[in-house]
Each structure stands twice: as structure tokens, then as C-alpha cells.
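Have a look at the structure below, then the notes.
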Amino acid sequence: FLETAAYFCMKPKMGEKEVSPHSFFSIWHEFSSDFKDFWKKENKLILQERVKEAEEVCRQKKGKSLYNIRPKHDSGIVSKLFPSL
């Protein structure tokens, strides 16, 4: 524990000889909870961006027709028997 506290450059509070686990882990808990909150927010933003990109790709693909519609030709029997229709 003391090596870990020294690695993070923790110094004992006024009136204490060594860094206490309570003081170290109270700071560590605040850091980890803040980090978790920021992580969740960032992931939510990334997810929203990816959903927007996917929707845009979907709109572009729907804009393009996968098949072509050709106009109807008047070459059938009805058009030969009844040309006025």
C-alpha cells in the first residue's frame, strides 16, 4: 500500500506520519466515480454519433432505388383492339 501511495505522490495529511488507507481510498473513490461518469457520457455521445451515421447511410440507400421502373408500352391486345383507351 505504501509503495502505491508513493507512486501516486500522496503525502500524509497534517499531523499524520504516513498516508492512511482511508485518505488514499477516499480520493481514489472520487476519481473512479468521476471517471465512470465521464466514461458513460462519452460512450453515450459516441453511440449517438454512430446511430446518426447509420441513419444517414440508411437514408442514402433508400434514396437510391434498387430497381428501375420502365414505362408501360402500348403493345398489348387491349391497345390493338381499343386504340382510344
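With the convex hull drawn over the C-alpha atoms of the chain, the volume per residue is 160 Å³. Calculated mean residue ellipticity at 222 nm for the chain: -21500 deg cm²/dmol, from DSSP H runs with n ≥ 4 weighted as -39500 (n - 2.57), summed, divided by the residue count and rounded to 500. Across the options VAL57, TRP39, PRO71, the greatest Cα extent toward the positive end of the charge dipole of the chain (unit charges at beta carbon of Lys, Arg, Asp, Glu) belongs to PRO71. What you get for the chain, charging only the Cβ of Lys and Arg (+1) and of Asp and Glu (-1), is a dipole of about 880 debye around the Cα centre.
Count the lysine pairs in the chain whose Cα atoms lie under 16 Å apart, taking only pairs 8 or more positions apart in sequence or on different chains.
Close lysine pairs found across the chain: 5.
Coordinate-derived values only; no laboratory data. Computed from a predicted structure; not experimentally measured. When we count neighbours, we look across all protein chains shown, and the Cβ atoms used for this are built from the backbone with ideal geometry, even at glycine.
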